[in-house]
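Worksheet: one structure, shown below.
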Amino acid sequence: MIKKWLSWMVVFVGLFGVFFAGCRSKEAPGGKKVPRVTLVEIIPGQPGPGDVLTVRTNYRGAREDEDVSFEYKWYVNGKEFHRGAINRFSSEELKEGDEIYVEVRAHGEHGFGPWKNSKPVRVVVRETLVAKVRIEPARAYTNTALEAVVNYGRVDPDEVEIFYSWFVNGEEISGEDGEVLSPKYYRQGDEVHVLICTDGDFEGITVRTSDPVKILNRDPVVISGPHFEIEDTRVNFWIEADDPDGDTLNYSVLVGPAGTRINPETGDGYWTMKKELLGEVKLVIKIEDGHGGWVRREGVFALTYEEPSAE
């Protein structure tokens, strides 16, 4: 009887070892660690029709220098609604009582970790305290401060406290919780949006997200020139320009005498004088910043020739 009990114990331990090894292989294929999502939370916890839902996640198992991305599966009333890399979900098409939850998994250097579910949230109908938020100005540059402008609908703005959270290229700017964002946080080409709520934990009555504003490029500025100077048989020219965004400038000649040369990095150039070029000579220089911004400047040089007097 003891031998039989021991044999069953050996079988049980062996099966448990196989099961445990199988679990570990799913968690870390090939013995290498993959990031695991440990927290998935939908914000706000009580969304209304038209609210934008976002996902708060935590994960572990990745190195500090490891790039980690996430995949999301959104479910509405138990059916998969959307799958991809988007961590935002608009409830405009939903109705009161609809139930939403999301599954998230992390992806690192060695593959995907397991899926992690959020708790479901249910769409509720409630009084709208904030109708909309937008960013002004709509055309913004690298020296432009951005302001969140709130449309309060039918309520008194003095009766509503607003909390702000600013994002640049999808990344939240830590510590920036006011209605104005300084231009020190963004560069040309960046996209900025703001999230507002009537609760400091962003789980309150109303959550609204603005449309993104793209930070535009500014054209180069000509400071002076073109200037001209005769040196022996050459006409030298130069032009001074600057870029308000700090971009590297490139110079080229659009119109000029045959054989005109220009340094594309400095804007200095020359052409050789010839009798057929006597009179007014037009020179047009184009300056580009490499990001679609440009300016051109025209100059006219009058060249005369006098035969030396016989003595």
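The values are calculated or read from the model by the stated rules, or taken from the named source; none is laboratory data. It should be emphasised that the depicted structure is a prediction, and the values quoted were computed from it without experimental measurement. Using ideal geometry, Cβ is built from the backbone for each residue, glycine included, and neighbour counts are taken over all protein chains shown.
Residues are listed down the side, and each one gets a yes or a no for (1) in contact with a His (Cβ under 8 Å, 6 or more places away or on another chain); (2) part of a loop (DSSP other than H, G, I, E, B):
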{"site": "G48", "(1), (2)": "no, yes"}
{"site": "A62", "(1), (2)": "no, yes"}
{"site": "E71", "(1), (2)": "yes, no"}
{"site": "H82", "(1), (2)": "no, no"}
{"site": "E96", "(1), (2)": "no, yes"}
{"site": "R105", "(1), (2)": "no, no"}
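Are any of the residues in region 203-224 surrounded by 19 or more Cβ atoms within 10 Å (Cβ to Cβ), within 22 Å of the chain's Cα centre (by Cα), assigned to a strand (DSSP E or B) and at pLDDT 90 or above? Yes, the conditions are met somewhere in region 203-224.
Yes/no per residue for (1) under 26 Å from G48 (Cβ atoms); (2) without any contact (Cβ under 8 Å) to a residue 24 or more places away in the chain; (3) out of contact with any helix residue (DSSP H, G or I) (no Cβ under 8 Å at 6 or more places or on another chain):
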{"position": "W74", "(1), (2), (3)": "yes, no, yes"}
{"position": "K79", "(1), (2), (3)": "yes, yes, yes"}
{"position": "I86", "(1), (2), (3)": "yes, yes, yes"}
{"position": "K95", "(1), (2), (3)": "yes, no, yes"}
{"position": "V102", "(1), (2), (3)": "yes, no, yes"}
{"position": "R105", "(1), (2), (3)": "no, no, yes"}
{"position": "G108", "(1), (2), (3)": "no, no, yes"}
{"position": "G111", "(1), (2), (3)": "no, no, no"}
{"position": "P114", "(1), (2), (3)": "no, no, no"}
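Being at pLDDT below 90, within 20 Å of Q46 (Cα to Cα) and not in a strand (DSSP E or B) holds for only one residue in V125, V155, and it is V125.
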